[in-house]
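First comes the structure, then the notes that go with it.
The values are calculated or read from the model by the stated rules, or taken from the named source; none is laboratory data. In this text the structure is predicted, and so the values were computed from the model without any measurement. Using ideal geometry, Cβ is built from the backbone for each residue, glycine included, and neighbour counts are taken over all protein chains shown. Areas reflect the complete protein model, heavy atoms only, side chains present, ligands, DNA and RNA absent. Shrake-Rupley method; radii C 1.70, N 1.55, O 1.52, S 1.80 Å.
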Amino acid sequence: KPTSLSGVRFLELLSQDEMAFDNLYCVAFELMDAQWLAKGASYMEFNNVLKSTRTQLERELALEDISSVKDLPAYNLLQR
């Protein structure tokens, strides 16, 4: 059982939309790619980029006005 607000919100999104996991995966991948490029990261910095991606996704999932993955600010990365 999730202990964080972002974890609870993630389960809520999954229960409401069968595509939530797939969409969140795509958002996470695009967000990680954007952070990787913005930081000019190397292979040795993978864990740092992964951690910052996770932190950003958790922050966005905890926002009050999120009712679907499409409401996440990072979802706009898929619209490029």
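Observations on the structure shown:
This table checks each residue for (1) open to solvent by 50 Å² or more (accessible area, probe 1.4 Å); (2) in a helix (DSSP H, G or I); (3) under 21 Å from Asn76 (Cβ atoms).
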{"residue": "Lys1", "(1), (2), (3)": "yes, no, no"}
{"residue": "Leu11", "(1), (2), (3)": "yes, yes, no"}
{"residue": "Asp22", "(1), (2), (3)": "yes, yes, yes"}
{"residue": "Phe29", "(1), (2), (3)": "yes, yes, yes"}
{"residue": "Leu37", "(1), (2), (3)": "yes, yes, yes"}
{"residue": "Phe46", "(1), (2), (3)": "yes, yes, no"}
{"residue": "Lys51", "(1), (2), (3)": "yes, yes, no"}
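- Matching residues in region 66-80 - criterion: being of a type in the set (D, E, K, R) and outside any helix (DSSP H, G or I): Arg80
- If the condition is being of a type outside the set (A, V, I, L, M) and open to solvent by less than 30 Å² (accessible area, probe 1.4 Å), then region 57-80 contributes only Glu60.
- Any pair with Cβ under 6 angstrom, 6 or more apart, that starts in region 32-54 at a residue that is modelled with pLDDT of 95 or more and ends at one that is of a type in the set (Val, Ile, Thr): Met32/Thr53; Gln35/Val49; Gln35/Thr53; Trp36/Val49; Ala41/Val49
- Of all residues in region 20-54, those satisfying the criterion of being touching a helix residue (DSSP H, G or I) at 6+ places or on another chain (Cβ under 8 Å) and among the aliphatic types (A, V, I, L, M) are Ala20, Leu24, Val27, Ala28, Leu31, Met32, Ala34, Ala41, Val49, Leu50.
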